[in-house]
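K.L.:
Following this message is one structure expressed as structure tokens.
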Amino acid sequence: MSVPFLLFFVCGVLAVTGAILLIWAKEPIHSALSLILVMVSLAVLYLLLGAPFIAAIQIIVYAGAIMVLFVFVIMLLNAGAEEHTDFSRLAKYVGLPLGVILIFWAAYWLLRSPAGGGGVTGGLIAGPDSTQKLSKQLFQQFLFPFEATSILILIAILGALVLARKQE
Amino acid sequence: MEFISQHPVLVASIIKIAVLLVLLMTALAYLTWLERKVIAHIQSRWGPYYVGAHGLLQPLADGLKFLFKEDIAPPVTDRLVYTLAPFIAFALALTAIALIPFGPPSVAFLHGQAVFSVADVGVSLLMVFAITSMGVYGVALAGWSSNSKYPLMGGLRSSAQMISYEVALTMSVVGVVLVAGTLNFNEIIGGQSGPFWHWNIFGIHQGGFPQIIGFLCYLTAAIAETNRIPFDLPEAETELVAGFHTEYSSFKFAMFFMAEYANMITVSCLATILFFGGWLSPFPDSWTWQEFLPGAGLVLLGIYCAYDTVTEMRGMARIQLAVVTLLCFGAGLICLLPAVAAVILGPFWFVTKILIILFFYIWMRGTLPRFRYDQLMSFGWKLLLPVSLANLVVTAAWIAFGWGKHG
């Protein structure tokens with residue numbers, strides 16, 4: 001058993017555990033912490049795939065920025081424990097089986113893909129010069145979608161600002 | 001032996017992590033001693049003086065005190081998060097330092113493993129930012145889980161402050177990334193080789209642009225990120241008792257304390273790498289006598305200690321300082337050996353530059369009063385961020401249009 005395999009196993013288990021705890025936990029802060037655990041474990045998995053850039057961005061953007069805001073808001077509102085509802089009957093008898101089917105279906109198709117499940121994104125994000133390759137793709141081939149997304153986000157920020165402002 | 005030859009990376013990493021941990025813990029302990037001494041002298045006091053000669057054993061006494069004190073936790077805390085918070089803060093602060101190269105990668109052992117850096121990932125700069133950006137959780141969760149007014153205020157202040165200044169911090173180093181054209185520490189340092197005006201802060205070479213404004217923005221944002229005076233609002237003792245760590249005692253408090261100092265060291269290392277050429281010497285390579293500077297410095301320190309031992313010290317302190325004197329002379333003589341001198345030069349310059357920045361940190365603390373909270377926010381968003389953005393735009397234009405290239 002090699003070290004990368006061990007790391008993969010540990011981080012995979014941690015990610016799944018975090019995801020389950022996220023739903024299970026009653027306290028909002030515990031849920032947020034579990035989500036951070038999921039994101040950091042995913043970042044380690046990206047590192048194992050040889051994509052350090054994506055791993056770093058995963059932590060900076062999700063764990064370092066978005067989740068900090070989540071935690072900040074939970075602290076600010078001092079939100080108490082949630083009330084859990086029971087499983088609705090629809091979720092129990094239709095949702096759960098469908099979810100299980102989806103997992104196996106996705107696993108099946110990933111295993112059947114030509115790279116044998118390991119290299120879905122091919123040589124784009126992996127490898128030592130992945131940052132250069134990625135930025136070339138982003139700023140040359142996909143420049144228009146990239147800029148369009150940026151403007152979309154800007155509009156969303158302005159919209160939030162307008163909505164949050166008090167009426168004079 | 002077979003195991004070592006089969007897993008050189010694993011074995012080398014474990015050795016390097018162990019050595020770095022010991023060195024770092026010692027450095028953290030003596031950084032507190034240095035801070036107390038410097039602040040004391042700024043304020044015309046003596047500082048720690050009685051535990052060991054010149055208070056040299058004070059860090060040890062403090063550490064033992066923290067270890068053996070009763071760990072008092074309020075009964076109404078969120079137990080899990082309350083215990084987890086100091087560990088998060090401390091672990092993240094230590095992890096970031098593993099990515100710092102303290103010397104040239106050419107010095108290697110065990111089948112080509114670099115001696116002076118634990119981990120050399122392709123995007124080391126982003127990785128350090130990723131790890132330090134998580135550091136806010138330690139403070140925020142400590143404030144929240146204590147279930148008490150003052151820590152909550154401290155935690156809230158701290159998360160708001162760290163989010164705000166992180167933007168400016170990141171923006172201020174993008175200029176350096178543009179000039180260097182890489183996110184890897186070793187390549188960033190390699191791009192600054194040559195005489196000292198090739199360092200990114202001066203940037204007077206082909207295609208470079210002086211990053212002096214970027215450095216000033218970085219330094220200001222870094223002081224705010226590490227919650228130090230004049231930006232130590234999260235633990236403003238006149239308003240918030242002790243801020244986020246009010247309810248912590250014993251070793252958990254010590255962990256926050258050590259995390260803060262480890263973060264200071266990390267941002268100083270980053271400043272050194274990004275703006276001051278890392279482990280590069282300020283002198284041209286042809287000045288071969290500089291290899292003897294580390295040894296000579298230690299011997300000089302030894303001579304001063306010897307003088308002090310004979311003239312000032314009495315009793316136990318005299319014996320203690322005599323030991324320090326012998327250690328200085330011994331280490332100095334080892335560093336004067338040609339084989340050692342060549343290897344030690346990179347780390348020597350790196351540590352010297354870090355010490356200068358750390359001294360500046362402490363100097364700030366002894367000089368400046370604390371900001372008010374609204375001043376802090378408007379300073380970060382309305383001055384620091386626009387200036388670092390302007391620096392980024394000018395640097396980008398300078399490089400894109402090739403204004404720095406002559407002919």
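The values are calculated or read from the model by the stated rules, or taken from the named source; none is laboratory data. It should be emphasised that the depicted structure is a prediction, and the values quoted were computed from it without experimental measurement. Positions of Cβ are backbone-derived with ideal geometry, glycine not excepted, and every protein chain shown enters the neighbour counts. These accessible areas exclude ligands, DNA and RNA; they are computed on the full protein's heavy atoms, side chains included. Shrake-Rupley method; radii C 1.70, N 1.55, O 1.52, S 1.80 Å.
K.L.:
List every residue whose amide H lies under 5 Å from the amide H of B:Arg228, counting only residues 5 or more places away in sequence or on a different chain, with H placed 1.01 Å from N in the peptide plane.
P.N.:
Under 5 Å from the amide H of B:Arg228: no residue qualifies.
K.L.:
With Rg and the Kirkwood Rh both taken from Cα atoms, where does Rg over Rh land for chain B?
P.N.:
That ratio equals 0.98.
K.L.:
Check B:Phe371: other-chain or 5+ apart residues with amide H under 5 Å from its amide H, H built from backbone geometry?
P.N.:
For B:Phe371, the qualifying residues are B:Asp232.
K.L.:
I would also like to ask the following. Put one equal scatterer on each alpha carbon of the protein assembly as shown, apply the Debye formula with no solvent term, and list log10 I(q)/I(0) at q = 0.10, 0.13 1/Å to two decimals.
P.N.:
-1.02, -1.67
K.L.:
For chain B, what % of the accessible area comes from carbon and sulfur atoms, probe 1.4 Å?
P.N.:
C and S fraction of accessible area: 74 percent.
K.L.:
If packing is taken as the average count of other Cβ atoms within 10 Å, what order do B:382-393, B:285-296, B:125-136 fall into, highest mean first?
P.N.:
Taking the mean over residues of other Cβ atoms within 10 Å, the ranking is B:125-136, B:382-393, B:285-296.
K.L.:
To the nearest 100 Å², how much accessible surface do chains A and B hide from each other in total, with a 1.4 Å probe?
P.N.:
In total, chains A and B hide about 2100 Å² from solvent.
K.L.:
May I pose another question? Run the simple label-point estimate for B:Ala390 and B:Val11 please: 7 Å along Cα→C-beta, distance reported in nm.
P.N.:
5.7 nm
K.L.:
For the range B:107-224, what is the accessible area per residue in Å², given a 1.4 Å probe and the full set of protein chains?
P.N.:
32 Å²
K.L.:
Further, regarding this structure: For B:Gly52, which sequence-distant residues (separation of 5 or more, or a different chain) have an amide H within less than 5 Å of its own amide H, given hydrogens modelled in the peptide plane?
P.N.:
Result for B:Gly52 returns B:Leu57.
K.L.:
Moving to a separate point now. What value, in deg cm²/dmol to 500, does the helix sum -39500 (n - 2.57) over DSSP H runs of n ≥ 4 give at 222 nm once divided by the residues of chain B?
P.N.:
Rounded to the nearest 500, it is -21500 deg cm²/dmol.
K.L.:
Tell me the Kirkwood hydrodynamic radius of the range B:144-225 in angstroms, computed as one over the mean inverse distance between distinct C-alpha pairs.
P.N.:
That comes to 14.6 Å for the range B:144-225.
K.L.:
Provide the per-residue ³J(HN,Hα) series for the range B:90-101, in order, calculated from phi with Karplus coefficients 6.51, -1.76, 1.60 and θ = phi - 60°, each as a whole number of Hz, with x at glycine and proline positions.
P.N.:
5, 4, 5, 4, 6, 4, 4, 5, 4, 8, 7, x
K.L.:
The range A:1-83: percent of C-alpha pairs farther apart than 18 Å?
P.N.:
The proportion of pairs with Cα distances above 18 Å equals 48 percent.
K.L.:
Using only C-alpha atoms and all pairs of different ones, pull out the Kirkwood radius for the range B:15-128 in Å with one decimal.
P.N.:
17.5 Å
K.L.:
Report ³J(HN,Hα) in whole Hz for each residue of the range B:314-319, in order, from the Karplus equation J = 6.51 cos²θ - 1.76 cosθ + 1.60 where θ = phi - 60°; Gly and Pro get x.
P.N.:
3J(HN,Hα) across the range B:314-319, in whole Hz: 10, x, 4, 4, 5, 5.
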